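The values are calculated or read from the model by the stated rules, or taken from the named source; none is laboratory data. Everything quoted here is computed from the prediction, not taken from an experiment. Positions of Cβ are backbone-derived with ideal geometry, glycine not excepted, and every protein chain shown enters the neighbour counts. Only protein heavy atoms, including side chains, enter the accessible area calculation; ligands, DNA and RNA are left aside. Shrake-Rupley method; radii C 1.70, N 1.55, O 1.52, S 1.80 Å.
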Amino acid sequence: MKISKLHIDSFRHLENLEFDFTYQSGERKGEPLDKICFIGQSATGKTSLLELINKDINGFFKTELDDVGDIWIRSHKFDSNFKLINNNQSFEYDNGVISKNDKSLSFSKKSASFIQYLFEKTDRIFHITSDILSNQNIKLFEEETVLLIERFKTLSKERELENEYSRLTFDHQVEEEVWISLLKQNVKYLQDFLQFATELINSGSVLDNSSQKKVDDWKSKNSNPLTDFSEKFDVILNKVQLEVDLVNTKNIIPLKHKITGENIPIKNISTGTKQLLLTAFPLFKLETNNSIILIDEPERSLYPDMQMDLMDYYKNLAPEAQFIVSTHSPFIAASFEPDERFILYFDEEGKVAVRRGTSPIGDDPNDMLYNDFGIDYINKYGKKVYNEYLEKRRQLLFEENEEVKKKLQDEIESIGDKYNF
């Protein structure tokens, strides 16, 4: 499922905005974009756009069909018109009219069944907000395994991820039940391993030479659910010299220093790495095929070298999903084609307008700042030095005294070397 167009009549301070989320040229011209990037200065409404898309598409999924294919709409107020593409079928809401494959479906108030019959259970949308990192969300990952196992035992209800976790918002207060359900395979593995280790100790086998072989045999028969995740997540962690520890059982997702092998408690890793963990693990565990994934400010607390490849990492975790992100980072924005970038700005009347990007994918961040962000990236100190540099070059053109010319040349070279002018 991918969104291909969005029109906003009025939502908060956004008015009369039109978005065409399709490729504009090439072999895929007219097809929905695989990824979308909103950029723009503060208060232009990037976060509001993600919230609107999440709200209205969720509202569309709550629409119900009667048995003969007419439409009955629950009391939901749509603030936009939009078009979704799903398995070569189109579903559109346009000013009170819902269409399937460009054919309008009439209204009815008969007994209804769920619109999931249209979408064949591929109606998935996940919204990851900029404040996902919180004490409430990270605490399960910080807890020792024994305590987490006890917490898992007291869980009153286990949900099936594919059936019930198809539309989630990961904000600062995700329900603990969601995290435990995402982690349940890992918890079960650790629970079984600790039980096996306890039995090994109680039998006295740990004292003889066969103990290691018994451990190896158990692990060969019981695959660690972290193995697949580590293959994808270690690529991200590599730049901070960390990797998933497949041997340690202290935490649910134990990490270790890549060089020293030292166990690194989750509570001691950086803010950016914690946010990466809270974002990457759900993308890995949830069914993301035919889904839309909304991420607000994915660059938070991350060093630029990690920002540069971040979208590639996320696409690797959810290759069939359509990503829609908002960002202030030129490094993140450079991961998108110009067609995939939508720049929000204030027009002459002070209203929010939108235009497409111009810088090519992978462009220099400074060019990206100038072309798409509309920012003169040299600050007042740099401008002062640059003006001095230009003035000295002007003086050199008209200076006849060789001694003074030599001094000017040295000063010009010194400034040029320092500032790369």
request  = Please give the number of the condition Phe346 fails out of (1) within 30 Å of Ile236 (Cα to Cα); (2) touching a residue at least 40 places away in the same chain (Cβ under 8 Å).
outcome  = (1)
request  = Would you tally the residues in the stretch 1-53 being closer than 20 Å to Asp339 by Cα, of a type in the set (Lys, Arg) and in contact (Cβ under 8 Å) with a residue 12 or more places away in the chain?
outcome  = 4
task = State all residues of the stretch 322-342 that are of a type outside the set (S, T, N, Q), touching a helix residue (DSSP H, G or I) at 6+ places or on another chain (Cβ under 8 Å) and not in a helix (DSSP H, G or I); if no residue qualifies, say none.
result = Phe323, Ile324, Val325, Ala334, Phe336, Arg341
query = If we keep just the residues of the stretch 235-263 that are of a type in the set (Lys, Arg) and assigned to a loop (DSSP other than H, G, I, E, B), which is modelled with the lowest pLDDT?
reply = Lys250
note = Being open to solvent by 10 Å² or more (accessible area, probe 1.4 Å) and part of a helix (DSSP H, G or I) narrows Asn16, Asn54 down to just Asn54
request  = May I ask you to verify whether Val354 is at pLDDT 95 or above, closer than 27 Å to Lys2 by Cα and surrounded by 22 or more Cβ atoms within 10 Å (Cβ to Cβ)?
outcome  = no
task = Residue by residue through the stretch 98-132, note down the ones that are modelled with pLDDT of 85 or more, surrounded by 12 or more Cβ atoms within 10 Å (Cβ to Cβ) and either among the hydrophobic types (A, V, I, L, M, F, W, C) or assigned to a loop (DSSP other than H, G, I, E, B) (or both).
result = Ile98, Ile125, Phe126, Ile128, Thr129, Ser130, Asp131, Ile132
task = Name, by its number, the condition in (1) on the phi < 0 side of the Ramachandran plot; (2) open to solvent by 40 Å² or more (accessible area, probe 1.4 Å) that does not hold for Gln241.
result = (1)
Residue among Phe336, Phe346, Phe331, Phe342 that is open to solvent by less than 80 Å² (accessible area, probe 1.4 Å) and closer than 30 Å to Asp417 by Cα = Phe331
remark   = Considering the stretch 378-400, residues that are among the acidic types (Asp, Glu) and open to solvent by less than 80 Å² (accessible area, probe 1.4 Å), and then whichever is farthest from Asn366 (Cα to Cα), we arrive at Glu399
inquiry  = If Val247 satisfies all but one of (1) hydrophobic (A, V, I, L, M, F, W, C); (2) surrounded by 14 or more Cβ atoms within 10 Å (Cβ to Cβ); (3) within 25 Å of Lys139 (Cβ to Cβ), what's the number of the condition it fails?
reply    = (2)
remark   = Selection from the stretch 307-319 of residues surrounded by fewer than 21 Cβ atoms within 10 Å (Cβ to Cβ) and touching a residue at least 24 places away in the same chain (Cβ under 8 Å) yields Met308, Asp309, Tyr313, Lys315, Asn316, Ala318
message = Just to be sure I understand, how many residues within the stretch 87-97 are open to solvent by less than 70 Å² (accessible area, probe 1.4 Å) and closer than 18 Å to Gly30 by Cα?
response = 4
ask   = If we scan the stretch 223-231, do we find a residue that is touching a helix residue (DSSP H, G or I) at 6+ places or on another chain (Cβ under 7 Å) and open to solvent by 60 Å² or more (accessible area, probe 1.4 Å)?
value = no
ask   = Are any residues in the stretch 165-193 open to solvent by 50 Å² or more (accessible area, probe 1.4 Å) and either part of a loop (DSSP other than H, G, I, E, B) or among the aliphatic types (A, V, I, L, M) (or both), and if so, which ones?
value = His172, Gln173, Glu175
note = Selection from the stretch 289-306 of residues open to solvent by 10 Å² or more (accessible area, probe 1.4 Å) and of a type in the set (Gly, Ala, Ser) yields Ser301
remark   = When restricted to Thr279, Thr273, Thr227, the only residue touching a strand residue (DSSP E or B) at 6+ places or on another chain (Cβ under 6 Å), assigned to a helix (DSSP H, G or I) and not aromatic (Phe, Trp, Tyr) is Thr279
message = So for the stretch 278-288 (the condition being more than 25 Å from Glu142 (Cβ to Cβ), buried (at least 19 other Cβ atoms within 10 Å of the Cβ), in contact (Cβ under 8 Å) with a residue 60 or more places away in the chain and not acidic (Asp, Glu)), does at least one residue qualify?
response = yes
